[in-house]
1. In degrees between 0 and 90, to the nearest 10, how far off the longest principal axis of chain A does helix A:91-118 point, with axes built from Cα atoms?
2. Give the dimensionless ratio obtained when the Cα radius of gyration of segment A:230-387 is divided by 2.2 N^0.38 Å.
3. I'd like the distance between the alpha-carbon centres of segment B:1-79 and segment A:264-338, rounded to an integer number of Å.
4. Take A:195, A:49 and order them by how many other Cβ atoms sit within 10 Å, fewest up front.
5. Can you tell me the 0 to 90 degree angle between the C-alpha axis of helix A:36-47 and the longest principal axis of chain A, rounded to 10?
6. Starting from the 7 Å offset along Cα-to-Cβ, what nm value, one decimal, do you get for the label separation of residue B:18 and residue B:48?
7. Could you put B:84, A:131, A:62 in order, starting from the residue whose Cβ has the fewest other Cβ atoms within 10 Å?
8. Pairs of Cα atoms under 8 Å, at least six residues apart: use those to get the relative contact order of chain A, whole percent.
């Protein structure tokens, strides 16, 4: 019966979050029809009363120590087994087992050391520096607050950890602001026209406080995901390293880090025009324009666009990605420096998904699982070794 | 190198024991608490249940059997503790009496498991979405959430839309994980 109960819980959850299929909804209704008691359980859960409180309780339980005990018990059991084995085994095997034991003990020491070193590395958080004008900066990410409210700039405000611009009528001067996201940071901004931009670590976005004139023009260095508010009369233009993107109203991801030497535009929905020195192309959804900047070489490919904006949804998604590019992302997000023992490591390709808000060890572990590389963590440094 | 505690179910799916532990430990403690009302005792009881799971790890046909095993093991262990306590309260007797016992068990599993799914989802959201999402699930309407968190109505709408989109996308991602690599 337990399985049935677990399945019911799954149905209720899906129903509550709004992702239940018709079939699942019917299954839930059937179960509800079975008894008043079922109905009662469902109603209490739907009301969700006390949910915040039980979430607090849930979060207050700390399992780290318990895991360490479990791990210890599992390991010592394997230990006992090896001793039983010794009874039958030849002396040669004794040596091997002894060697193995020593290895696993020193291995555990190293592990503990590693855990300590990793503890100082934390995932990125919501922070940014807003440059209002040369020499005038505001650090964002702390308490929400109104930053500027005047007739020159309109209202600039931090609302729920995001920056929001509200234009006032009659702004005539084109005043520029720059939002800088340091390493280990991320932030969102709603521009004066209502367009939203998600900005990744190590990124700069320059834009006017109000869009005056015939077009909306901004400049990006780094990575940003744009959801542009439609305005047929005023195209939205993003200037990047070696590329210019022109849109009316769409969503797309742009990536142009100097160290990559390439600029990539990925279209999620709508239509965009991509202009480089020598070419002019139009992208359809799920297409990507990839430019090698120095050579002005442009390639258009078909991709799954959603995975290129996964970082805005708390994930790293890598698809046959070079290790160096992956580690550049990791370095920006966790604010660490990466060194390679062999430069051949940079070219190894990886695929996978990792949670962005997770501890860095999770990410490194996933990459290590492939058996191709090993990471040595030393304070804010990560050393990559080919296995 | 960190140790790997993966094991394979008979249907071929691989599970990571540490991950199962992370996903279930907190909820199982709350679940056990419904019987024992004693946090520390619950924690050590759930720890035992995980050790039992590890011993039997090669016996499970599929993932749901693992989940069911955890809940039923915790319940059985909790009932055992109650029997030893020999408290003659009516409440305890209710829990122990067969017919009601099953209903109490069903209610507890359904509630804890539903909450576990919700909390896991909420944990995966960016900080600022969490509060809005939680209050919304608690049944507050947009205006009430805005008042509670002292933010504008539009901000509430934005985060709410965002939160549900993220949750749905997360679910989709689970499927495309399968054809990656």
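1. So the inclination is approximately 30 degrees.
2. 1.15
3. Their Cα centres are 41 Å away from one another.
4. If I rank by nearby Cβ atoms, fewest first, I get A:49, A:195.
5. 50
6. Distance between the two pseudo-spin positions: 2.7 nm.
7. Least crowded to most crowded, the residues run B:84, A:62, A:131.
8. 9 percent.
Read-outs throughout are calculated quantities, based only on the coordinates presented, and are distinct from any laboratory measurement. Computed from a predicted structure; not experimentally measured. As a convention, Cβ positions derive from the backbone with ideal geometry for all residues, glycine included, and neighbour counts pool all protein chains shown.
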